[in-house]
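Okay, so here's the structure we're looking at.
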Amino acid sequence: MDACAGKYPILILATEDCSYPGANSVGQAHQNYPDNTYIIRTPTPALFPEKFYLDCFAKGVGGIIIMSCGVECPYEGAYPALAKRVNGIYALMKKQGLDIRRLRPTAICTVCNRAFIKEVNLMNQVVAELGAPGSEARAA
Amino acid sequence: MPNGDTQKFDSLVLGGGIAGLAAALDLADAGYRVAVVEQGATIGGKMIRLSKVFPTLDCASCITTSKMAAAAHHPNITLFTMCRLEEAQRVDGQVRARVAQMPRYVDPAKCIGCRQCEYECPVMVPDQEQGGFTARKAIYIPFSNAIPQLALIDREHCMMCGKCSQVCPTGAVDQLQVEQEFVIEADTMVLATGFELMTDFPARAYGNPGLGDNVISSLQMERLLAPHGPYMRALRPGDGKEPESIAFIQCAGSRDLQLGKPYCSRVCCMYAIKQAMLLSGALPLADLTIYYMDIRAFGKNYEQFYNNAKAMGVEFVKAKPIIAGNNQGGSVVLRYEDQEGGSGAKTREHDLVVLSLAMLPAFAPEEIVPVSSATDGFLKVPQPKLAPTLTDMEGVFTCGAAAGPKDIVDSIAEAGAAAMGAAKYLAARRGGQAA
Amino acid sequence: MSKLNNGQEPPKIGVYVCHCGGNISDHVDVASVVEQAGGLANVTVARDNSFMCSDPGQELIIEDITSGKVNRIVVASCAPALHETTFRGAIALAGMNPYLYEHANIREQVSWVHHGPGATGKATALVAAAVGKAGELEALEPIRVEAEAHATVLGGGVAGMSAARDLAAQGLRVALVEKSPFLGGQVAQLDKTFPSGEAAGEVLSALAAQVLADQRITVYTCAELSEYSGYVGSFKIKIRRTAPSGADLERLALVKDAQPGTFVPCVGVAAGPGPGEAEEVALVSGAIVLATGFEHYTPPMGEYGYGQMPEVITLPELIRLMADESATGEQLVVNGKTINNLALIHCVGSRQIPGVHQPGPDGKLNQHCSRVCCTATLQAACELREKFPETNVFELYRDIRTYGRGHEDYYLNAGRSGVIFARFTPEAPPVVTQGGEDSALTVTVPDKLLAGQELAIGVDLVVLAVGMEPRDNQALVEKMKLPVGADRFLLEVHPKLRPVELPAAGIYLAGACQAPMDTAEAANAAGAAAAKAGAILSAGFVELDPFVAEVDESKCVGSGACVQACLADEAIEMVDTPASKRARVNPALCMGCGVCVAACEQGAIELSGWTLGQYEAMVDAIVAQALRQGA
Ligand SMILES: Cc1cc2nc3c(=O)[nH]c(=O)nc-3n(C[C@H](O)[C@H](O)[C@H](O)COP(=O)(O)OP(=O)(O)OC[C@H]3O[C@@H](n4cnc5c(N)ncnc54)[C@H](O)[C@@H]3O)c2cc1C
Ligand SMILES: Cc1cc2nc3c(=O)[nH]c(=O)nc-3n(C[C@H](O)[C@H](O)[C@H](O)COP(=O)(O)OP(=O)(O)OC[C@H]3O[C@@H](n4cnc5c(N)ncnc54)[C@H](O)[C@@H]3O)c2cc1C
Ligand code: SF4
Ligand code: SF4
Ligand code: SF4
Ligand code: SF4
Ligand code: SF4
């Protein structure tokens, strides 16, 4: 992977029930992926306010992948709530001149190894292309 | 487990498939101590081996792993894997079960599930967990979400090279392990031994999966469709061709008085529809045909699921074809009489044929447990309406596919009822009052 | 749990890094991870071990706790699914609150997927993140809710009676609430029941005898739920009983002198006379089981001639006709007319297709299959052929769904006994017309089994196999805010993970109110529901996970944004405090989804165990490490 991308950590918010075990399944298969990825466990990503995401970018996080359970979310209604929130965050990101590709909502299940790797690689490309968070605004 | 040791529980659950686990969890949540005795190296039964499950199409692994983990971590549940029930009788009011702990040749107390041994082992064996389509080693952990995560040695294939012992960081490999017998005593027992697919079905009429070229069983198709399957794509085993036309033969062995079993296996209509839908996603251009007798989409939201499949273009043909052989490209030639098309026999070729095989009982109680099976071979429940899960042995219940073919939803509901039966029996014993 | 180390003292964090016998240490420089962890704020101890999960590994933690060196623990090892509970257990053993623990996953998410210096860097960062979170951890206790050892069952059919019996057998007191004056539900309308052939009356009498004999069960007939509030462990409900009137009075007159428990065909099981005047009973109940059943589909005027031609009847009507023991002879006789030929039409009011079938009065179609009617119809066909060998029986069907154990036998027997089958498609259904050669009616249908050739059958009776429809229970649905599926049946949380539960804890589904099912299946569902209810109520209290939302009243400004956002009913509400309105969470109703956390602009709500402060600490640690490495 691009050495430059490695500088900017990618945060992965992964659900306890689906995508966190999914990430472990990638590990069990010993499949490699870039090491600037940090997986954080959460009951549901619906609990993060807009500010959390924006703060992350301000702190230097290059990209955030939300890995939820999708429609299999055990909290009835939380998945639609998350989808709505993401739209709100996109609006705020645009305002701050952040490329919205830096935030990507996905659904990853316990054995979606290929999908996991694909998402991680995609985000890495985006971060490699965009560089430091916020630099796209300055460039524009 | 030292030889001859006796362990006491409130309930013994035989079989760690979804039905056994659901029953065990209900009993454990009610405060009862439960032993789950499973003959295989992992709990989870057939369900953990499926791809996605009808009618919600959720990932089988995702919904099974959570139940498996809940059982494994439950303070009231003790799992015994690789254990064979030798005999269970009621002695002095207690179910006394003699259980044989089969050797893993790996010390479960030491193994950390790291698979170093697996990487080193030079022996390759067809992996039945992947439908036989890929290989595993002679020492192996069954699959990534197996519980417990412990290695075992397949002694039939091990060549005793000692590589695994050399690399094992914990010294867990123990080629000297022998079978140990111990006793479980419990007030109640739940038989949740599930099903097997018919294997010796009449090859003459249907062809044999694995034997006939490009004829596979429905469970093999589950593996082809699983996201963590053998090829991670739905390819034709053998030549790796992307199949352009796939057929399902329904009631293969079921509802068949002459050649197989007279009963309906109850889940195969729905899983064939499911597999066809998953295939149409994976191979959008493939022709998908289901040869059926009746489509039995009777459960909650099943009819709607069936209608979706029709809308997606899956073709349904009312016929019971026979396999006439393979053509030069390896495609399977089917001959059938279209019961609705009239005009005699027809012939059609498909790149891949899936047999929706009959479900058979996995457990024959004779000489092991004094409970009866019904004429269909599954365990008998003499009072289906008043005590739907009670067998003809006092305080012994059954649920899931052990009590007749059943899908997951119905297996879990029945498991709850079996747990209820056992809990009532226990409450009556403890409280001294009749339930 | 000891009062020591309960999270109140300043953090002293112990970090334990596992080699996993080379699995981790082959790719991660464990010594370096330990060294860097030792330098982090609040870390008082940093150690490594070849197997942290082994007894010696766990001993390290226990010793450091008991000697007072540490009061929060971080273990960096394999995936938490494998050993998080192991380490929490060790901590509890040492007398510390097990929630003062954080796990760093450096095997599945580091050493097995990254190699080279990056692996050590990432492991260091993950340990730093865990340390960051550990500093913010609080001791948690499971939430205890008092639970009344009482359950209420709504509906007195097979499912409701089975549930009541099973709940009582676990030592609970039970209120069985039945709307009509009788027990037994729809099964009372049946005669012989598949697959065993037992008489419906016998099944119901046996079940009712168990219910009526049980001192712990109180049966309220002529009763409905009138008030409902509360939550698992203590639902506050009122039952309103009304004096029977109209048809109910007539039916009650039939059983006037009968002992409670007596079965009267087509009516049900007598359970007392009902109240003389309206009365209301207040109850506190720990759990509620819904067993309100189904309704038979009533064909609209003209569907297959129903309502227009007296010779067109429904399957339940046929079952009642056949139950009449006095009816014997070579042929079935109905209303004085001999039936030479009889046609049974399947799927009436079931498996309806948009654009093909007419919606019902509510504008809805019954797209579901009713599951029982194929077998019930074949059972009737077999009985007809056996009792009245000169009455010819035609079955017009779409698919024969004799799925269950023993069901297929009816299909086989029907064929053997000379029942003639024709298959139709919903687009070209049978048409029933008046008159015919030597018959009262003619049924014409393109028979798919004969390549679509049109059959015209002269028949004297047409029987419609009407399906099972969801019961109209709008008042109850609204009062209890019950979820209803697209098929209008009550909707479970998840068909496989939680098949008899509703999203609100303590409320369960049993029987045909959830979906069509036969009596054995309804009894199974009832057992499953009773098992769940029994498990939570028999202890006298309910223990819930501590991971629920908590409001910091000093930060809350009473905006109510959380209440708006909350996904669970009444989990969070505004209460008056001396200052002003403040949000308050009801831990018994909160699902722990944290949607309210995201909605609160003041940051006044946190999810216990997963606070934003903890997450921020993790992000800070990760960014600091990553930027250090990148630089
Ligand atoms: C191809 C296919 C696809 C399917 N797809 C679906 C689907 O999409 N949706 C759905 O709802 N259902 C589906 N099913 C049905 C589903 O597999 C069953 O409903 C379910 O597995 C039944 O669970 P069980 O626990 O009763 O039995 P099993 O899963 O068979 O588990 C029984 C367990 O008991 C153990 N055991 C057996 N005998 C003994 C013994 N003597 N001692 C100790 N242990 C023993 C076995 O090793 C096994 O672990 C499918 C079935 C097949 C064949
Ligand atoms: C034509 C036909 C033939 C059948 N034949 C067979 C057969 O041979 N064998 C077999 O096993 N099954 C058969 N069945 C299925 C059987 O009828 C059902 O399985 C069974 O009735 C389901 O029981 P239940 O208790 O869930 O619902 P129900 O029998 O509908 O009972 C529900 C009860 O709840 C009461 N209730 C409703 N709303 C409220 C409320 N708000 N408050 C209080 N009480 C309320 C009702 O008055 C009723 O007493 C047949 C069904 C049909 C349609
Ligand atoms: S036997 Fe040894 S090498 Fe194999 S998985 Fe277990 S601990 Fe690892
Ligand atoms: S001893 Fe057997 S299991 Fe071990 S590595 Fe050699 S062949 Fe494989
Ligand atoms: S479920 Fe369908 S395929 Fe399976 S035996 Fe029954 S009718 Fe045949
Ligand atoms: S059970 Fe048979 S008659 Fe009833 S709706 Fe289903 S297919 Fe039609
Ligand atoms: S966590 Fe979810 S359920 Fe609980 S109060 Fe907040 S929004 Fe409601």
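The values are calculated or read from the model by the stated rules, or taken from the named source; none is laboratory data. Bear in mind the structure is a predicted one, so any value in this text is a computation, not a measurement. For neighbour counting, all protein chains shown are included, and Cβ atoms are generated from backbone atoms with ideal geometry for every residue, glycine included. With ligands, DNA and RNA removed, areas are computed over all heavy atoms of the protein, side chains included. Shrake-Rupley method; radii C 1.70, N 1.55, O 1.52, S 1.80 Å.
Descriptive notes on the structure:
- In this structure, C:LEU627 and C:LYS364 have a Cβ-Cβ separation that, at R0 = 51 Å, corresponds to a calculated FRET efficiency of about 0.30.
- The angle between the Cα long axis of helix B:60-73 and the longest principal axis of the Cα atoms of chain B comes to about 0 degrees, rounded to the nearest 10.
- Buried between A and B is an accessible area of approximately 1000 Å², summed over both sides with a 1.4 Å probe.
- Multiplying the residue separation of C:SER226 and C:LEU254 by 0.36 nm and subtracting their alpha-carbon distance yields 7.2 nm.
- For C:VAL563, solvent-accessible area (1.4 Å; no DNA, RNA or ligand), Å²: 60 Å²
- At least 40 Å² accessible surface lost relative to isolated chain, residues of the range A:45-62 (1.4 Å probe): A:LEU47, A:PRO49, A:PHE52, A:LYS59
- Comparing B:THR398, B:THR188, B:THR170 in a Gaussian network model of chain B (Cα springs below 10 Å), the most mobile by mean-square fluctuation is B:THR170.
- Other residues within the sphere of radius under 14 Å centred on the Cβ of C:THR314, judged by their own Cβ, net out at -4 (K and R +1, D and E -1).
- The range B:116-158, relative contact order [Cα under 8 Å, separation at least 6], %: 34 percent
- Within chain B, the cysteines lacking any other cysteine Cβ closer than 4.7 Å to their own Cβ are B:CYS83, B:CYS111, B:CYS114, B:CYS121, B:CYS158, B:CYS161, B:CYS168, B:CYS251, B:CYS264, B:CYS268, B:CYS269, B:CYS399.
- Accessible area buried, both sides summed, chains C and B with 1.4 Å probe, Å²: 5400 Å²
- Nitroxide proxy distance, nm - points 7 Å out along Cα→Cβ at C:GLU454 and B:ALA135: 6.6 nm
- Residue pairs, from the table A:LYS95/C:LYS133; A:LYS7/A:LYS95; B:LYS300/C:LYS364; B:LYS46/B:LYS300, whose Cα atoms sit over 27 Å apart: A:LYS95/C:LYS133
- Centre separation in Å (Cα based) which lies between the range B:86-122 and the range C:33-55: 34 Å
- Members of the range B:97-116 that become less accessible by 50 Å² or more once partner protein chains are added (1.4 angstrom probe, chain alone as reference): B:ILE112
- Based on protein heavy atoms only, the range B:198-359 ends up with 36 Å² per residue of surface accessible to a 1.4 Å probe.
- Measuring with a 1.4 angstrom probe and ignoring ligands and nucleic acids, C:THR433 comes out at about 60 Å² accessible.
- Area of B:SER343 that stays accessible when all protein chains are in place (1.4 Å probe, Å², to 10): 100 Å²
- For the range B:234-341, the set of GluC sites (Glu not before Pro) satisfying both a DSSP loop assignment and a count of at most 14 other C-beta atoms within 10 Å is given as B:GLU244.
- Comparing A:GLY88, A:GLY62, A:GLY22 in a Gaussian network model of chain A (Cα springs below 10 Å), the most mobile by mean-square fluctuation is A:GLY88.
- Calculated accessible area for the range A:3-139 comes out at 35 Å² per residue, all protein chains present (probe 1.4 Å; ligands, DNA, RNA ignored).
- Net length available on complete extension from B:MET232 to B:GLN383 is 49.8 nm, with 0.36 nm assigned per residue and the Cα-Cα distance removed.
- Threshold 30 Å², the range B:61-79 residues less accessible with all protein chains present than alone (1.4 Å probe): B:CYS62, B:ILE63, B:LYS67, B:HIS73
- Stretch gain in nm, segment C:ASN335-C:LEU412, where the contour uses 0.36 nm per residue and the Cα spacing is subtracted: 24.6 nm
- Take the Cα of A:ILE100, step 7 Å toward its Cβ, do the same at B:ALA364, and the gap between the two points is 6.5 nm.
- DSSP H segments from chain C that extend 24 Å or more along their own axis, Cα-based, with Kyte-Doolittle mean of 0.5 or above: C:519-537
- Residue order for B:HIS74, B:HIS350 - accessible surface, 1.4 angstrom probe, largest first: B:HIS74, B:HIS350
- Computed in the context of the full set of protein chains, the accessible area of the protein assembly as shown at 1.4 Å probe radius has 51% of its extent on carbon or sulfur.
- Accessible area per residue for the range C:549-607 is 49 Å², calculated with a 1.4 Å probe on protein heavy atoms, without ligands, DNA or RNA.
- Listed residues C:ASP324, B:ASP58 arranged by accessible area, highest first, probe 1.4 Å: C:ASP324, B:ASP58
- Chains C and A together, accessible area buried on both sides, 1.4 angstrom probe, square angstrom: 3500 Å²
- 222 nm mean residue ellipticity, helices alone, for the protein assembly as shown (DSSP H n ≥ 4; -39,500 (n - 2.57); rounded to 500): -8500 deg cm²/dmol
- The range C:13-141 - percent relative contact order, Cα under 8 Å, separation 6 or more: 32 percent
- Calculated FRET efficiency for the pair C:GLN564/B:GLU185, C-beta based, R₀ 56 Å, to 0.05: 0.50
- Choice from B:ASP338, B:ASP187, B:ASP351 with maximal GNM fluctuation in chain B (Cα, 10 Å cutoff): B:ASP338
- Between B:ASP5 and B:ASP92, the FRET efficiency from the beta-carbon distance, with R0 = 25 Å, is close to 0.85.
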